[in-house]
Amino acid sequence: MTRDRDPAGRPRNARPRDALGRPLDPADAPGSGAAGTDRIPDDLVITGAEAAALADRLLRDGRPFHAHEVLEAAWKSGPPGERDLWQGLAQIAVGLTHARRGNARGAVALLSRGAERVRGYQAGASSQDEASSPDETGSQREVGQPASPFGMNVDAFLAAADDLAARIERDGLDGVPPADLSPGLLAGA
């Protein structure tokens with residue numbers, strides 16, 4: 001079987017996916033009538049505000065794999081000063097995906113790793129980019145301002161990720177309510 005590739009020859013996977021990002025059977029390829037979920041384009045270029053809003057909606061809808069793809073697109077197309085923010089948020093989304101798929105160990109690892117990467121954007125944290133003006137890095141983080149880049153509530157999102165990782169590590173996935181696997185990313189949403 002030949003692997004899907006883009007015009008530049010990079011591997012792509014055009015197979016439809018379920019709500020948790022798992023590829024559906026090849027018999028369910030486009031045109032077969034199978035109901036996969038909408039895909040996030042591999043070449044998506046998105047602003048930080050657009051990424052935050054779309055990822056928030058996908059997370060709240062229980063589609064963390066797709067939120068991860070949006071956050072990954074923001075990291076790839078955003079300024080270097082925001083790389084850790086977007087990578088960490090994408091890792092947390094992958095951790096939520098692992099939890100929804102029943103992989104407790106993977107969930108704890110990715111939730112913890114992602115939260116650690118994002119900590120520099122938490123309120124009161126010092127960041128290597130704090131001395132830079134927003135114009136130099138493209139970041140919305142300003143010295144002395146609460147950590148809410150692009151309207152995201154980083155503090156609450158990290159608290160949810162930390163709490164979830166601790167509960168899963170302690171008690172496993174069985175007692176975790178589905179609502180706890182759909183934390184919101186935007187402040188006040």
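Bear in mind that the values in this text are calculations on the coordinates, not laboratory data. Bear in mind that the values here come from a model prediction, so they are computed numbers and not experimental data. All Cβ positions, glycine included, derive from the backbone under ideal geometry; neighbour counts span all protein chains shown.
Arranged by the count of other C-beta atoms within 10 angstrom, fewest first, what order do 68, 98 take?
Ranked by crowding around the Cβ, least crowded first: 98, 68.
Distance in nm between label sites at residue 119 and residue 47, each 7 Å beyond Cα in the beta-carbon direction?
It is 3.2 nm.
I want to check the label-to-label distance for residue 83 and residue 60. Put each point 7 Å from Cα in the C-beta direction and report it in nm to one decimal.
3.2
Quick query: amide H of residue 186 versus all other amide H atoms, modeled in the peptide plane; which residues come in under 5 Å with a sequence gap of 5 or more or a different chain?
Placed amide hydrogens put 153 under 5 Å from residue 186.
How far, in nm, would the chain grow between residue 171 and residue 159 when pulled straight, counting 0.36 nm per residue and subtracting the alpha carbon separation?
2.5 nm
Quote the charge dipole size of region 42-84 about the Cα centre in Debye, to the nearest 20; the model charges only the Cβ of Lys and Arg (+1) and of Asp and Glu (-1).
The dipole magnitude comes to about 120 debye.
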